[in-house]
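Q: Structure incoming, see below.
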Amino acid sequence: MYRFLLSRQWVILTLLMLVLIPTMVELGFWQLHRHEHRVAQNKLISGNLRAKPLPVGDITSPGHTVPRADYWRRVTATGTYDTAREVVVRRRTNADDKVGYHVLTPLIMDDGRTVLVNRGWIPFDADQQAFPKIPAAPKGEVTVTGRLKADETTAGSGIKDLSGLPPRQVMLINSEQQAKTLSRPVLGGYIEQTEPVPAGPKPELVPDPDTDSIGPHMAYAVQWWLFAAALPFGWVVLVRRDRAEAAGTLDAAPAEPATADA
């Protein structure tokens, strides 16, 4: 009754199922790991945002690579802005997904070292090749509080071509790149300013990262596992259907006529 399982069609179908089941199970675990990573990331961000601010010079130094454990760590820096050497970072969006620039201004600290400060977002000008009009940074000594961020790299951003940009415009925030331009030591990473809030409407400070959303990864994991569980059930249903059809065909076959004795 089950000889039809040896047909080419059924052999291919069965082999395909045997390949798909472990693949779907593995995809489910991949989504589960992404969910766990997101939860851990949110926990790290929340903890660092709640922590008491530390002097940025206590956490990073020139040439230092900011470790993941220090991402979004609240830091402070006191010094004077070097507005003549500030640059803008292209293709950055604000909270409303409008495209513009981030304003990146070097802050010369009291100890002579420099840290980069992302002062926030401004919209594109009509002429994107010209250096935009930037809201003035505070004069004199200032104390900035913000989130410590790691240097942006071509590998991490996917941006490969950094050439051909207008003067004082960059694609990535990178302390080593700016150290070469400034010809002085720059602390690794940069500060994403949260305080003081600018007196005018611009620059718009970069909002806090979302630490509540965990994404759809757990739901996707469950879906993959349900698909994997459903495949054997579907296979059994198809087998029973074909078996019933085969049995029905045999029952419906006419009997051979009896041969008369000579």
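The values are calculated or read from the model by the stated rules, or taken from the named source; none is laboratory data. This structure is a prediction, so every number in the text was calculated from the model and none was measured. Don't worry about glycine lacking a Cβ; one is built from the backbone with ideal geometry, like all the others, and counts go over all protein chains shown. Just so you know, the surface numbers come from the protein's heavy atoms only, side chains and all, with ligands and any DNA or RNA stripped out. Shrake-Rupley method; radii C 1.70, N 1.55, O 1.52, S 1.80 Å.
Q: Quick one: in region 187-196, which of the residues that are more than 17 Å from VAL88 (Cα to Cα) and touching a strand residue (DSSP E or B) at 6+ places or on another chain (Cβ under 6 Å) is surrounded by the fewest Cβ atoms within 10 Å (Cβ to Cβ)?
A: Per the stated criteria, the residue is GLU195.
Q: Also, quick follow-up: Take the conditions at pLDDT 95 or above and surrounded by fewer than 15 Cβ atoms within 10 Å (Cβ to Cβ) and apply them to PRO55. Does it pass?
A: yes
Q: Also: Can you tell me how many residues in region 148-163 are at pLDDT 80 or above and not in a strand (DSSP E or B)?
A: Within region 148-163, residues that are at pLDDT 80 or above and not in a strand (DSSP E or B) number 5.
Q: Does ALA199 fit the bill of being assigned to a helix (DSSP H, G or I) and either of a type outside the set (Lys, Arg) or open to solvent by 40 Å² or more (accessible area, probe 1.4 Å) (or both)?
A: Considered against the rule, which asks whether it is assigned to a helix (DSSP H, G or I) and either of a type outside the set (Lys, Arg) or open to solvent by 40 Å² or more (accessible area, probe 1.4 Å) (or both), ALA199 comes out as no.
Q: Moving on. Report yes if THR78 is touching a strand residue (DSSP E or B) at 6+ places or on another chain (Cβ under 8 Å), open to solvent by 50 Å² or more (accessible area, probe 1.4 Å) and either under 25 Å from GLU204 (Cβ atoms) or modelled with pLDDT under 95 (or both), otherwise no.
A: Answer is no for this residue.
Q: List pairs: first residue in region 113-124 and under 16 Å from PRO196 (Cβ atoms), second residue open to solvent by 10 Å² or more (accessible area, probe 1.4 Å) and of a type in the set (S, T, N, Q) anywhere in the structure, Cβ distance under 6 angstrom, at least six positions apart or on different chains.
A: Close Cβ pairs (under 6 Å, with a partner that is open to solvent by 10 Å² or more (accessible area, probe 1.4 Å) and of a type in the set (S, T, N, Q)) amount to VAL117/GLN193; ARG119/GLN193.
Q: Does region 215-228 contain any residue that is outside any helix (DSSP H, G or I) and more than 22 Å from ARG74 (Cα to Cα)?
A: Yes, region 215-228 has at least one match.
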